[in-house]
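**Student:** Before I ask anything, here is the structure I am working with.
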Amino acid sequence: MLNGPLLVTRRLILRPPAAEDFDAFAVMCTEEDTMEHIGGVVPRGTAWRLWCTLAGAWHIRGFSVFSVIERTTGAWVGRVGPWEPDGWPTKEIGYAVLRQYAGQGYAYEAAVAACDFAVEFLKWDQLAHCIAPTNIRSQKLAERLGCTNSGPSRLAPPFEDAAIDLWVQSADAWRARRKEMSHV
């Protein structure tokens, strides 16, 4: 059952999390390199609570991360999308994909769709990403999306001790960038 919007890109389907996605999400939660900058590796029971939080945010906030599904195989690739836990420094577009899909452009493709959704549907006036200063891959993705590092910020508990920088751009800058992208 679809409980929110469905976004379709060239290779991907983005939709709210569903029960059938959980096993793949739980695997992602065990990948040290994937989880290093997003709370760390967690056991399956904790992954379940995180999954329910992500899914529940659709009902509480009206938006949350999408499950990213590969169109040709139906495989769960990762989770990407708008996110704003209570006490967060700002609304953000978060992204994480399973290790096997890293480096293939899936996070970028899904993030573009999520940024479009946030700007055009949710009417956000700014796009942001909370990124650890040591997370070079996420920084490169944020740069590719058109964001710049605006400096240090602080996350809400229990992540208040995590070092993060806010990478931002205005919605108008995003729209201009998308217009340029459509001419290429």
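**Student:** Under the rule of at least 5 residues apart or a separate chain, name every residue whose amide H is placed under 5 Å from the amide H of residue 12.
**Tutor:** Result for residue 12 returns 71.
**Student:** Then there's this: Shape call for the chain from the C-alpha gyration tensor, a ≥ b ≥ c root eigenvalues: rounded (a/c under 1.5), prolate (a/b greater than b/c) or oblate?
**Tutor:** Details: a/c = 1.38, a/b = 1.10, b/c = 1.25.
It is rounded, given that a/c, with a ≥ b ≥ c, falls under 1.5.
**Student:** Near residue 179, which lysines are there with a Cα under 22 Å away, not counting those fewer than 8 places off in the same chain?
**Tutor:** Output for residue 179: 123, 140.
**Student:** Using the per-residue mean of other Cβ atoms lying within 10 Å as a proxy for protection, in what order, highest first, do the peptides 120-130, 153-163 fall? Spell out each step's value before the answer.
**Tutor:** Details: 120-130: 17.9, 153-163: 12.6.
Going from most to least packed, we get 120-130, 153-163.
**Student:** Oh, and also: List the residues whose amide H sits under 5 Å from the amide H of residue 94, counting only those 5 or more places along or on another chain, with H placed 1.01 Å from N in the peptide plane.
**Tutor:** HN-HN under 5 Å from residue 94: 81, 83.
**Student:** In terms of solvent-accessible area of protein heavy atoms at a 1.4 angstrom probe, what is the ranking of 7, 98, highest value first?
**Tutor:** Greatest to least solvent exposure: 7, 98.
**Student:** How do the peptides 165-171, 29-35, 64-70 rank, highest first, by the average count of neighbouring beta carbon atoms within 10 Å per residue?
**Tutor:** Answer by packing, highest mean first, reads 64-70, 165-171, 29-35.
**Student:** Something else about it: Could you work out the local net charge near residue 67, counting Lys and Arg as +1, Asp and Glu as -1, over the other residues with Cβ closer than 15 Å to its Cβ? Present the calculation step by step, with values, prior to reporting the outcome.
**Tutor:** Numbers: positive: 11, 15, 71, 79; negative: 20, 21, 23, 70, 109.
My count for the surroundings of residue 67 gives -1.
**Student:** Would you list, by chain and number, the aspartates and glutamates whose Cα falls below 18 Å from the Cα of residue 91, excluding same-chain residues fewer than 8 positions away?
**Tutor:** Straight-distance partners of residue 91: 116, 120, 125, 143, 160, 165, 172.
**Student:** Hey, another quick one. Given the whole protein assembly as supplied and a 1.4 Å probe, what does the accessible area of residue 49 come to in Å², nearest 10?
**Tutor:** 150 Å²
**Student:** I'd like the Karplus ³J(HN,Hα) series for segment 74-81: coefficients 6.51, -1.76, 1.60, θ = phi - 60°, whole numbers in Hz, and an x wherever there's a Gly or Pro.
**Tutor:** x, 6, 6, 9, x, 9, 9, x
**Student:** While we're here: Can you tell me how much longer the chain between residue 144 and residue 159 gets when fully stretched, taken as 0.36 nm per residue apart minus their C-alpha distance, in nm with one decimal?
**Tutor:** Working: separation 15, 0.36 × 15 = 5.40 nm, distance 2.61 nm.
Contour length minus Cα-Cα distance gives 2.8 nm.
**Student:** Would you mind counting up the charge near residue 149? Only other residues with Cβ under 10 Å from its Cβ, with Lys and Arg at +1 and Asp and Glu at -1.
**Tutor:** Numbers: positive: none; negative: 143, 165.
After counting each charged neighbour, the total is -2.
**Student:** For residue 128, what is the net charge nearby, where nearby means another residue's Cβ is under 11 Å from its Cβ and Lys, Arg count +1, Asp, Glu -1? Working shown, then result.
**Tutor:** Details: positive: 91; negative: 84, 92, 125, 165.
My count for the surroundings of residue 128 gives -3.
**Student:** Take the alpha carbon atoms of segment 11-67, find their center, do the same for segment 141-184, and report the distance between the two centers in whole angstrom.
**Tutor:** What the calculation gives is 21 Å, centre to centre.
The values are calculated or read from the model by the stated rules, or taken from the named source; none is laboratory data. Predicted, not measured: the structure shown is a model, and the values here were computed from it. Note that each Cβ is placed from the backbone with ideal geometry, even for glycine, and that neighbours are counted across all protein chains shown. These accessible areas exclude ligands, DNA and RNA; they are computed on the full protein's heavy atoms, side chains included. Shrake-Rupley method; radii C 1.70, N 1.55, O 1.52, S 1.80 Å.
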